[in-house]
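First comes the structure, then the notes that go with it.
The values are calculated or read from the model by the stated rules, or taken from the named source; none is laboratory data. Keep in mind the model is a prediction, meaning the values are calculated, not measured. Glycine gets a Cβ as well: all are built from the backbone with ideal geometry, and neighbour counts include every protein chain shown. Heads up: the accessible areas ignore ligands, DNA and RNA and are worked out on the full protein's heavy atoms, side chains in. Shrake-Rupley method; radii C 1.70, N 1.55, O 1.52, S 1.80 Å.
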Amino acid sequence: SRGLGDVYKRQARGISHMSHVSCLMLMQVNTGATVSELAGLGRDDVFLDNNIPFIRIQPHDWRQLKNNNSRPRDIPLVGVSLAATRHAFKAFASLDHLFPMYIHELDDGSLITRSESASAAINKITKSLSDGKTSYSFRHSLVNRLVRSGCPLEVHYQITGHALGSVNEKHYNRSQWPIEDKRRWLERIGVMAGL
C-alpha cells in the first residue's frame, strides 16, 4: 500500500519547478494547517527572515480559521514545508497574499478565499499516489506523528490549532507556547519521517 510518504517525496523533487498546488501540499506536511488556512495566508503572515522561520495562522477579512475552536497560532517551518514556503513566497506572492490565485473579489468589493479548487487538485494527486487519501490526510498524519513522538498535548494543540477542551484552555489561550519548543517537536517528527 502506498502511503503519504511517497506523495511527499514525489512532490518535493525539483523544488524550483514546484506548482502552487505542490507548495500547498508540502506546506501541510509539517504544519498541520488546512488548505484553506494556507491558501488564505497574507504575505505579512510569512516570517522567513526570522531566526526561526514561521507562518502565522490568523483570521483575515478574506478567510476565517478552520472552525470556531481554532486559535490564531504561529507554526515554525521545517523541512519540506520550509522549502515549499520559500518557493511560494518567491514564485507566487503578491503585495498582500501568499497565494493570490485563491483570493477573489466579490461584487461588493470584499475578498474571499476560494480554496476548493486547491483541495480538489491536491485530492486528485493524493488519491492517485496513495490509495485514496485526501488533503485532510496531511493534517491527520502530522497529528499522528506528534502523538507517537510523545509531544505534549498543549504543544501539539498549539501547532494544529485544536482546542484543549479543558479547564486549562484559558491558560493556554493567553500565550503562545515558545516557538523554539514547537520547532523542536516538528523537527523531531520531520527527521523521523525523512521530511
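Brief remarks follow.
- Within the shell defined by Cβ-Cβ distances under 12 Å, the residues around Ser110 carry a net charge of -3, with Lys and Arg each +1 and Asp and Glu each -1.
- Thr85, Thr113, reordered so the largest accessible area comes first (probe 1.4 Å): Thr113, Thr85
- Solvent accessible area, Å² - Arg188, 1.4 Å probe, full protein context: 100 Å²
- Accessible area of Val191 (1.4 Å probe, protein heavy atoms only, ligands and nucleic acids ignored): about 120 Å².
- Counting lysine pairs in the stretch 51-155 whose alpha carbons fall under 23 angstrom apart, excluding pairs fewer than 8 residues apart on the same chain, gives 4.
- In this view, the solvent-accessible surface of Ile189, computed with a 1.4 Å probe and all protein chains in place, comes to about 0 Å².
- Taking Lys and Arg as +1 and Asp and Glu as -1, the other residues whose beta-carbon sits under 13 Å from that of Cys23 total +2.
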